[in-house]
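Beneath this line is the structure, given in structure tokens, with notes to follow.
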Amino acid sequence: MITLTGTPVLTTERLTLRAPQPQDAETFIAFYKTDRAKYVGGPKDDRRGWDFFCTEIGHWVMNGFGMFVVTYHNDDTPLGIVGHWYPNTWPEKEVGWVLFDAKHEGKGIAFEAATACIDHAWNTLNWDTIVSYIAHGNDASVALAERLGAVRDDKAEEPGKEAYVYRHPRPAA
Amino acid sequence: MTVTFSAPTLETERLILRAPELSDFDALAAFYASPRSSFVGGPQSRELSWRALALEAGHWVLRGFGRWTLIEKTTNTPVGIVGLWHPEGFPERELGWDLFDGATGKGYATEAAIAARDYAYDTLGWTTLTSLIAIDNEGSRRVAERMGATYDSDFTHERHGPMQLWRHPGLEGRA
């Protein structure tokens, strides 16, 4: 068996953030077939969804960081995928978030997970900047970015596609 | 902490076959920018090439096998990607080979593909293997012929267009 090793696990009050594993593929691919995926590169058919899930895992291998699957403690059901994203051709490194199902919304899950990832980016990954690229029209994601304290930066370069750039302020030392 | 996955490394007379890694990116992006990539879904942008490279690594974790980057021993540079491939939408597990510009005409694809096929049969215990070849990719078809593979059937790939499925000899009769 070929396994990914060396990936961290982040823990918040309610959530566990761990690297994607093969058993998450089904949920990930099912999400990407839905209209909910329209703001994050979807919808994608089974083949493209499978390819993209491989890319999510391979991102960890390429960069040493990547997107985490978010679960509750003691329940490995994937709620969403939140974390660090940087195809090496993008202008800046991103913290991004996706909840797989509408039933997980409104509970602060994405906020709680993204807060941990922003902290991890500053303090462990030692990033110089953090942005979130948000597709036009994704109002829920804009609201979350603002709740996280990010500010829209219209002078920042887009990531090769049309998107708002929300910049996360570096916390005072 | 270094993130790794435990892909095996193979060695042939002139090549090292190792897991894909970030340092392969420029070579892979150059390949995907060239017309030669038209047989395998290219040409495509650097960002899509990066995603393709990450996909190569993720394929290993999801399937337990994958493709290797070929390192030319004399130059220590990546010259291609060869190995075992079974993404969603492929009819069967296949043995694929892509050589980067400047690496053709040296027998590298055949040399690496034989090592990959031996690994599939002798280590993974597989008993059959196919190769999907774009209909007008004569260079790739010659590699299949040299390895003793024969035409099996037609297959239309959603992205790569009309292809031929070639079947390799089994445990007995391999080149």
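The values are calculated or read from the model by the stated rules, or taken from the named source; none is laboratory data. Owing to the predicted nature of the structure, the values given are computational and were not obtained by experimental measurement. In this analysis, Cβ positions are derived from the backbone assuming ideal geometry, glycine residues included, and neighbour counts consider all displayed protein chains. What goes into the accessible areas is simple: the full protein's heavy atoms, side chains included, and nothing from ligands, DNA or RNA. Shrake-Rupley method; radii C 1.70, N 1.55, O 1.52, S 1.80 Å.
Which percent of the accessible area of the range A:74-119 is formed by carbon and sulfur heavy atoms (probe 1.4 angstrom)? Don't jump to the answer; show the numbers that get you there.
Working: 810 of 1740 Å².
Looking at the range A:74-119 in its full context, I get 47 percent from C and S.
Step through the residues of the range A:37-43 one at a time and calculate ³J(HN,Hα) from phi using the Karplus curve (6.51 cos²θ - 1.76 cosθ + 1.60, θ = phi - 60°), rounding each to whole Hz and writing x for Gly and Pro.
For the range A:37-43, the Karplus-derived couplings read 7, 5, 8, 10, x, x, x Hz, x marking Gly and Pro.
HN-Hα J couplings of the range B:6-18 from phi, Karplus 6.51/-1.76/1.60, θ = phi - 60°, integer Hz, Gly and Pro as x?
8, 6, x, 10, 10, 9, 10, 4, 10, 9, 9, 10, 10
Could you tell me how far the Cα centroid of the range B:47-86 sits from the Cα centroid of the range A:26-45, in Å?
About 26 Å separates the Cα centre of the range A:26-45 from the one of the range B:47-86.
Could you give me the ³J(HN,Hα) list for the range A:9-24, computed from phi with Karplus coefficients 6.51, -1.76, 1.60 and θ = phi - 60°, whole Hz, x at Gly and Pro?
So the J values, rounded to whole Hz, are 10, 9, 10, 10, 3, 10, 10, 10, 10, 10, 5, x, 10, x, 5, 8.
For chain A, what relative contact order do you get, as a whole percent, if you take Cα pairs closer than 8 Å and at least 6 residues apart?
Reported as a whole number, the value is 17 percent.
Near the amide H of residue A:21, under 5 Å away, which other amide H atoms are found, from residues 5 or more places off or on another chain, if H is placed in the peptide plane?
Amide H neighbours of residue A:21: none.
In the neighborhood of residue B:31, defined by Cβ-to-Cβ distances under 11 Å, what is the net charge if each Lys or Arg adds +1 and each Asp or Glu adds -1?
-3
Find the sum over both chains of the accessible area lost when A and B are paired, probe 1.4 Å, and report it in Å² to the nearest 100. Display every interim value, and only then the final one.
Working: alone 9250 and 8890 Å², together 15190 Å².
Approximately 2900 Å² gets buried when A meets B.
If you take the beta carbon distance between residue B:90 and residue A:38 as r and set R0 to 35 Å, what does 1/(1 + (r/R0)^6) give as a FRET efficiency, to the nearest 0.05?
0.85
Would you mind checking A:38/A:103; A:44/A:155; A:107/A:155; A:33/A:161 for any pair whose Cα atoms are more than 26 angstrom apart? Could the numbers behind the result be given before it?
Working: A:38/A:103 17 Å; A:44/A:155 31 Å; A:107/A:155 33 Å; A:33/A:161 21 Å.
Too far apart for the 26 Å limit: A:44/A:155; A:107/A:155.
Calculated FRET efficiency, residue A:147 and residue B:172, Cβ-Cβ r, R0 45 Å, to nearest 0.05?
0.10
Search the structure for amide H atoms under 5 Å from the amide H of residue B:157, placed 1.01 Å from N in the peptide plane, and list their residues when 5 or more places away or on another chain.
The list, which skips near neighbours in sequence, is B:163.
Can you bin chain B into rounded, prolate or oblate? Criterion: square roots of the alpha carbon gyration tensor eigenvalues sorted a ≥ b ≥ c, rounded for a/c under 1.5, prolate for a/b above b/c, oblate for the rest. Let's see the in-between values first.
Numbers: a/c = 1.33, a/b = 1.14, b/c = 1.16.
Rounded.
For the charge dipole of the protein assembly as shown, defined by +1 on Lys and Arg C-beta atoms and -1 on Asp and Glu C-beta atoms about the Cα centroid, which residue among A:113, B:38, A:137 has the Cα displaced farthest towards the positive pole?
B:38
Would you calculate a helix-derived [θ] at 222 nm for chain A, using -39,500 (n - 2.57) for each DSSP H run of n ≥ 4 and dividing by the full residue count, to the nearest 500?
Values: 4 runs with 50 residues, N = 173.
One gets -9000 deg cm²/dmol as the mean residue ellipticity at 222 nm.
If I model a spin label at residue A:107 and residue B:2 as a point 7 Å from the Cα along the Cα→Cβ vector, what separation in nanometres do I get?
In this crude label model, residue A:107 to residue B:2 measures out at 3.9 nm.
Report, ordered by chain and residue number, the lysines lying within cross-link reach of residue B:73, taken as a straight Cα distance under 17 Å and ignoring same-chain residues fewer than 8 apart.
Within reach: B:106.
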